[in-house]
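A short write-up of the structure that comes next.
The values are calculated or read from the model by the stated rules, or taken from the named source; none is laboratory data. What you are looking at is a predicted structure, and each value in this text was computed from that prediction instead of being measured. Cβ coordinates were reconstructed from backbone atoms using ideal geometry, including for glycine residues, and neighbour counts include every protein chain displayed. Remember, those area values only see protein heavy atoms, side chains included, never the ligands or the DNA or RNA. Shrake-Rupley method; radii C 1.70, N 1.55, O 1.52, S 1.80 Å.
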Amino acid sequence: METRRDDRISQLLHALKRSDKLHLKEAAQLLGVSEMTIRRDLNSESAPVVLLGGYIMLEPRSGSHYLLSDQKTRLVEEKRKAARLAASLVQPHQTLFFDCGTTTPWIIEAIDNTLPFTAVCYSLNTFLALQEKPECRVILCGGEFHASNAIFKPLNLQDTLSNLCPDIAFYSAAGVSVLQGATCFNLEELTVKHWAMNAAQYHVLVVDHSKFGKVRPARMGELARFDAIVSDCKPDDELVAHAKAQQIKLMY
């Protein structure tokens, strides 16, 4: 059973998906508790977040390299810019798949609150963002929980995912390369990412410009698998030429 402490830790993890640190005072206001309560939460037993110099941040030993090294506060506006472009693709009454990652919640935030849609997700931070949309019907795919990237890896894809065909799938990636395609850090994410790439009708890769030219260990697939690549600025000439040759729509 989830305790109140566990619930507060989960909310802090959600907040840290949008920023690499959170001031203790801001965290107390966010959770509606005292700063001392948060200090007790973090000191009572091990947690995926820690308090350092008055700031709450991800525990380095439990966080993935993607969250700790590549997702910096300075890129928040870039992510939001790309996310707003991606959200413009959404139409009423569609079924949408949302990947994990730190950019995805900004896509959800950019969707009009009056727009009705069904959302499929498998990560905690995405689920929490979707709960804030009053006209959204949320389908959370359960399974084994991985705290480092806050995802649920399904034990059996036949349970839920085999019954769904999303209109649009929004993907995140830690690397985008002409040669190796879209890649991420965590192998456990591939199960659901690959399901979406086979089941959805339209595929949208949403990344900030820092991901271009990078290659990470877990391969999602070649860029030709995506119908659109959305970012905050224009990619380099090689990627632009590749997108044109593969008829991939670029949005920036």
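What residue, of Ala169, Ala174, is modelled with pLDDT under 95, under 26 Å from His242 (Cα atoms) and under 16 Å from the mean Cα position of the chain (by Cα)? Answer to the selection: Ala174. Which of the residues belonging to region 197-206 are in contact with a Cys (Cβ under 8 Å, 6 or more places away or on another chain) and either farther than 17 Å from Ile248 by Cα or open to solvent by less than 10 Å² (accessible area, probe 1.4 Å) (or both)? Matches in region 197-206: Ala199 only. Of all positions in region 109-120, at least one carries a residue that is open to solvent by 10 Å² or more (accessible area, probe 1.4 Å) and small (Gly, Ala, Ser). Reported count of residues in region 197-211, each being in a helix (DSSP H, G or I) and within 18 Å of the chain's Cα centre (by Cα), is 4. Checking each residue in region 212-233 for being open to solvent by 30 Å² or more (accessible area, probe 1.4 Å), assigned to a strand (DSSP E or B) and either within 20 Å of Met251 (Cα to Cα) or among the hydroxyl-bearing types (Ser, Thr, Tyr) (or both) picks out only Phe212. Residues in region 178-196 that are open to solvent by 20 Å² or more (accessible area, probe 1.4 Å) and either under 19 Å from Phe97 (Cα atoms) or assigned to a helix (DSSP H, G or I) (or both): Asn186, Leu187, Glu188, Leu190, Thr191, His194, Trp195. Between His242, His209, the distinction of being touching an Asp or Glu at 6+ places or on another chain (Cβ under 7 Å), open to solvent by 30 Å² or more (accessible area, probe 1.4 Å) and more than 28 Å from Gly143 (Cβ to Cβ) belongs to His209 only. Within this structure, Asn125 fails the test of being surrounded by fewer than 23 Cβ atoms within 10 Å (Cβ to Cβ) and of a type outside the set (Ser, Thr, Tyr).
Do we find a residue being assigned to a helix (DSSP H, G or I), at pLDDT 95 or above and under 20 Å from Phe226 (Cα atoms) anywhere in region 109-121? Among the residues of region 109-121, not one is assigned to a helix (DSSP H, G or I), at pLDDT 95 or above and under 20 Å from Phe226 (Cα atoms), which makes the answer no. For region 128-147, taking the residues that are under 15 Å from His14 (Cβ atoms) and touching a strand residue (DSSP E or B) at 6+ places or on another chain (Cβ under 9 Å), the one that is surrounded by the fewest Cβ atoms within 10 Å (Cβ to Cβ) is identified as Phe145.
State which residue is modelled with the highest pLDDT when the search covers only region 122-148 and only residues that are assigned to a strand (DSSP E or B) and not hydrophobic (A, V, I, L, M, F, W, C). Result: Arg137. Please determine whether any residue of region 149-169 is assigned to a strand (DSSP E or B), charged (D, E, K, R) and open to solvent by 10 Å² or more (accessible area, probe 1.4 Å). Looking through region 149-169, at least one residue is assigned to a strand (DSSP E or B), charged (D, E, K, R) and open to solvent by 10 Å² or more (accessible area, probe 1.4 Å). Scanning region 80-108 for residues that are among the charged types (D, E, K, R) and assigned to a helix (DSSP H, G or I) yields Arg80, Lys81, Arg84. Here Ile111 clears all of (1) touching a helix residue (DSSP H, G or I) at 6+ places or on another chain (Cβ under 9 Å); (2) hydrophobic (A, V, I, L, M, F, W, C); (3) within 27 Å of Leu239 (Cα to Cα) except the condition numbered (3).
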